[in-house]
Amino acid sequence: MDESELSVETPVPAGGRGGRSRWLRLAGDLLLIAGGLVLSYPFWSAAYAQVQQSRLDSTYRQQSAAFVQNLSANTDTRPRGVSQEEFVRRLAVIYGRGLKAGDPVGRLRIPHIDLDRLVQQGVGGKMALDPQGDTSLLRNGPVHYAVTPLPGAGEPFAVAGHRTTYGAPFYKLDKLRPGDPIYVDTPYARFRYSVAKTTTVDPTDTSVLSDRGYGLVLTTCTPPYSAAHRLVVWAKLEKMRPLQKARTR
C-alpha cells in the first residue's frame, strides 16, 4: 500500500493557533475603530454644534421680530420719565417671560478670542444648579444659568460653555485679560462689558452665580480636558443701549 494512502490529516483544535489569530485580528480591528471614533469625536461634535447654532440663529431672528412686534402694543415699556437703565430692565423682564429652556437669549461676542455664539436659556427650577441639568443644551453652545438674571435685569448674567468639545466655544477663555471687551446683543438692548478678573474655583462652588458687582460671569472647565475645577471670567458692565428697533414708535 502506498504511503500516501496511509497518511491521515490531523485536525486543528478549535482553540488552536488559527482561532487565536482570528480573535487577535478582530480585537485589532475593534481597537482601530474605537481609536478612530475617539480621534474624530472633536470634529463631529464641532459639526453638530455648528448645525445647532444655525438652527438657533433662525429661531432667534423669528423670536426677535415677534418680540419687537409685541412691544408696539405694550405701553408700559415706553420710556416716559424713566432712566435708560430702568427702561432696559423693563424690556429684559418682558423678554424673559417668554423664554423656555433651549431658547436663544442673545449673541455673545468676544473679539479677542474670536468668539461669536448664540447663548441659550438654561433649565430652571430644581435642575437649574444640577451639573446634569444643562448637559444636552451645552452641546449646542453656551448656556445662560437660569437662576441668574438676563442682561440689564440684574447681576450677574452668568453663562457656561464647553472648553474642549462641541465647538469648544470657551477654549480660549483663559486668554482674556483685564480690560478686554465682551459684547452681548439681545433683541432689546446691546451691552458692553469689560473683563475685570479671572479666578479658579471648585466645580461645586455656585457662589459665583450670586456675586453682585459684576455684570457678566463666564464659566468653563479647567484645565482643558478635565473637570477638576472651574475657570471663571468676571466682567463689569460698561455700557448698555436699548436697540432702536426695541423702542416703541
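Candidates in segment 139-197 are the residues that are under 14 Å from the mean Cα position of the chain (by Cα) and of a type in the set (D, E, K, R); of these, the one that is surrounded by the fewest Cβ atoms within 10 Å (Cβ to Cβ) is LYS172.
Specify the residue that is surrounded by the most Cβ atoms within 10 Å (Cβ to Cβ); the eligible residues are those in segment 67-89 that are of a type outside the set (A, V, I, L, M, F, W, C) and at pLDDT 80 or above.
Narrowing segment 67-89 to residues of a type outside the set (A, V, I, L, M, F, W, C): 69-70, 72, 74-81, 83-86, 89.
When the remaining residues are screened for being at pLDDT 80 or above, the result is 69-70, 81, 83-86, 89.
Working: GLN69: 9, ASN70: 13, GLY81: 6, SER83: 9, GLN84: 13, GLU85: 11, GLU86: 12, ARG89: 20.
Only one residue fits best here, namely ARG89.
Is there a residue being within 23 Å of ASP205 (Cβ to Cβ), among the basic types (Lys, Arg) and in contact (Cβ under 8 Å) with a residue 24 or more places away in the chain anywhere in segment 94-116? No.
Residue check: is ARG90 in contact (Cβ under 8 Å) with a residue 40 or more places away in the chain and not aromatic (Phe, Trp, Tyr)?
no
The number of residues in segment 120-130 being in a loop (DSSP other than H, G, I, E, B) and either at pLDDT 85 or above or crowded, with 22+ Cβ neighbours inside 10 Å (or both) comes to 2. Taken together, LEU108, LEU99 contain a single residue that is closer than 25 Å to LEU218 by Cβ, buried (at least 17 other Cβ atoms within 10 Å of the Cβ) and either touching a Pro at 6+ places or on another chain (Cβ under 7 Å) or among the small types (Gly, Ala, Ser) (or both), which is LEU108.
When you look at LEU150, is it among the aliphatic types (A, V, I, L, M), closer than 24 Å to SER194 by Cβ and part of a loop (DSSP other than H, G, I, E, B), yes or no? In short, yes. Within segment 146-158, residues that are touching a residue at least 24 places away in the same chain (Cβ under 8 Å) reach partners that are not in a loop (DSSP other than H, G, I, E, B) and not hydrophobic (A, V, I, L, M, F, W, C) with beta carbons closer than 6 Å, at six or more positions or on different chains, in the pairs LEU150/GLY96; GLY152/ARG89; ALA153/ARG89. Could you tell me whether any residue of segment 131-145 is modelled with pLDDT under 95, in a helix (DSSP H, G or I) and charged (D, E, K, R)? So far as segment 131-145 goes, no, none of its residues is modelled with pLDDT under 95, in a helix (DSSP H, G or I) and charged (D, E, K, R). Any residue that is within 30 Å of GLN69 (Cα to Cα), loosely packed, with under 13 Cβ neighbours inside 10 Å and either free of Cβ contacts under 8 Å to residues at least 40 places away in the same chain or not β-branched (Val, Ile, Thr) (or both) - is there at least one of those in segment 227-238? Within segment 227-238, one or more residues are within 30 Å of GLN69 (Cα to Cα), loosely packed, with under 13 Cβ neighbours inside 10 Å and either free of Cβ contacts under 8 Å to residues at least 40 places away in the same chain or not β-branched (Val, Ile, Thr) (or both).
Taking the criterion of being within 16 Å of the chain's Cα centre (by Cα) and within 16 Å of GLY106 (Cα to Cα), the residues of segment 43-72 that qualify are GLN52, GLN53, SER54, ARG55, LEU56, ASP57, TYR60. Per the conditions (1) buried (at least 21 other Cβ atoms within 10 Å of the Cβ); (2) in contact with a Leu (Cβ under 8 Å, 6 or more places away or on another chain), the sole criterion not satisfied by THR200 is (1).
The values are calculated or read from the model by the stated rules, or taken from the named source; none is laboratory data. Just so it is clear, the model here is predicted, and its values are computed rather than measured. Cβ sites come from the backbone with ideal geometry, for glycine too, and all protein chains shown count toward neighbours.
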